1. Please compute P(r) over all alpha-carbon pairs of the range 75-116, binned at 5 Å starting from zero, and give each bin as a whole-number percent.
2. Using 5 Å bins from zero, what percent of all Cα-Cα pairs in the range 84-167 falls into each bin?
3. To the nearest µm²/s, what D does Stokes-Einstein give for the range 122-262 at 25 °C and 0.890 mPa s, using the Kirkwood radius over alpha carbon pairs as Rh?
4. Under the √(5λ) rule applied to the eigenvalues of the Cα gyration tensor, what semi-axes describe the equivalent ellipsoid of the range 136-189? Give them in Å, descending.
5. May I ask you to give the average projected area over all directions of the convex hull of the Cα atoms of the range 372-424, in nm² rounded to one decimal?
6. Please sort by residue number the trypsin sites (Lys or Arg not before Pro) in the range 158-240 whose DSSP state is loop and whose Cβ has at most 11 other Cβ atoms within 10 Å.
7. Relative contact order of the chain, please, whole-number percent, based on alpha carbon pairs below 8 angstrom and at least 6 residues apart.
8. Would you report the distance distribution of C-alpha pairs in the chain as whole percents per 10 angstrom bin, up to the bin with the largest distance?
Amino acid sequence: MNSISPRRRFARIAVAGVALTGLLSACGGSDSTDDSSADSSGPVTLDFWGWANGQEAVVKAFNASHKDVQLKYTKVTDQLTMQKQLTNAVKAGNAPCLLQNTGEYVTSWVSQGALADITQYVESSKDKFNPGSWAVGQVQGKVYGVPTASAPAFTIYRTDIFKKYGLEAPETWDDFIAAGKELKKHDIKITNYAGEDPSTLEVLAMQAGAHWYSVEGDSWVVNFQDEGTLKAAEVIQEIVDNDLNSKLSFADYAAVQRNYDNGGTATRQISTWQMSGMVQNFTKSFGDWALSPWPTFKGEGPKTPAGTNQSGNLTLVSEQCKNKEQAAEAAMWMSTDTGAVKTMASPETGSGVMPALADSESYVSEAISEKLLGKNYEPAKQIVTDSLGTVTSDWTFGPNWTAMFTEMQDEWAAVVSKKQKVTDLLAHMQEWTVNDLKQRGINVKG
């Protein structure tokens with residue numbers, strides 16, 4: 001995988017199977033492409049929901065440069081809150097025209113008829129983006145969103161703590177666990193598992209070659225107990241069993257950041273966007289952080305997870321929007337305007353997201369923080385660039401992902417609190433997901 005350039009790697013990323021007909025329940029929504037336009041009373045105003053730092057500044061810049069279309073921005077608490085609020089808004093018939101979301105939810109929302117097909121408005125601009133990021137917004141060959149981010153992934157760790165206790169940056173998950181056991185002796189955790197966020201299991205399974213959803217003929221295949229998932233489960237279980245993880249909820253975001261800043265937890269597996277929260281909340285540990293590659297499974301080459309909530313963001317257009325063309329054009333502007341891209345890429349002014357543009361690797365220096373990394377800033381650029389060439393390319397998000405992930409949250413909380421094993425969670429999710437798809441009238445095997 002190291003030999004694959006970022007652009008070639010992006011070209012291979014697949015949202016496998018979702019371009020096949022008959023795999024979703026009735027998608028609903030209207031086929032109409034008629035949009036109302038601004039009248040003499042003033043410009044069209046489009047509601048835009050998002051949670052990312054920097055979006056308010058981008059909206060302000062958009063509004064200053066557009067007379068006929070204006071954006072009204074509402075900041076949602078976080079990604080998980082977005083799913084709940086959007087569900088309620090769709091049911092009430094007052095969904096926003098534009099919304100931020102991540103790749104794993106696109107198929108689910110399309111299957112519910114919540115998103116608009118904007119292919120005719122944006123298809124001509126697809127070459128501005130790397131093919132992998134562009135594919136994240138597609139279902140059954142139609143485009144529902146404009147990508148805003150790519151997905152490099154790596155480890156960030158406290159160099160002062162590692163040096164103090166004679167540790168090297170972990171190269172493998174075995175090394176990671178060994179380092180965690182040493183740090184535990186000094187009341188320091190190696191990582192944090194928030195009880196509400198099972199994405200840890202998702203990304204390790206993805207890295208290990210798991211396939212929770214796949215397509216066979218005209219049916220979805222569900223498998224939460226394949227070899228890759230069980231390999232990931234073993235790593236997580238050892239971390240939990242040995243109390244190597246903090247259990248801090250991101251509901252108190254400031255407390256989580258203080259814990260990292262104060263040295264209570266020594267590493268994170270992250271993408272560029274998480275750095276912004278560190279920069280904006282730390283007071284003590286600037287310059288004490290460095291990057292290293294995402295740990296590998298023993299005997300395997302570098303491999304990092306694809307665009308989950310680690311990144312892979314899009315701006316989506318809702319089916320209920322009365323001004324779909326203007327909404328699509330606004331989404332395109334926010335993802336391609338040079339000023340907007342730089343605002344969002346910076347961990348100081350935005351969210352530190354790696355742009356989804358075709359030349360995304362050229363923005364690495366914009367997306368990582370010299371303030372946070374200090375003398376480790378220059379080496380970090382190469383770590384991030386290299387990670388762009390090791391992203392997994394064969395993960396599929398199923399049509400009930402939103403509901404599945406919500407169910408998994410409850411089960412994950414029980415894992416973190418040691419009330420059940422990871423394998424118990426997986427057995428439950430296997431049965432639950434198959435039954436849920438059947439109840440939705442979707443063909444499924446598993």
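Every number here is computed from the coordinates shown, using simple stated rules; none is lab data. Owing to the predicted nature of the structure, the values given are computational and were not obtained by experimental measurement. Neighbour counts are summed over all protein chains in view; Cβ atoms, including those assigned to glycine, are modelled from backbone coordinates with ideal geometry.
1. The calculated distribution, bin by bin, is 5, 21, 39, 28, 6, 0.
2. Reading the bins upward from 0: 3, 12, 20, 17, 13, 8, 6, 6, 6, 5, 4, 1.
3. 135 µm²/s
4. For the range 136-189, the ellipsoid semi-axes come out as 40, 12, 9 Å.
5. 6.7 nm²
6. Here the sparse-neighbourhood loop sites are 185.
7. About 28 percent, as a whole number.
8. Per 10 Å bin, starting at zero, the Cα-Cα P(r) for the chain comes out as 4, 22, 32, 27, 12, 3, 0, 0 percent.
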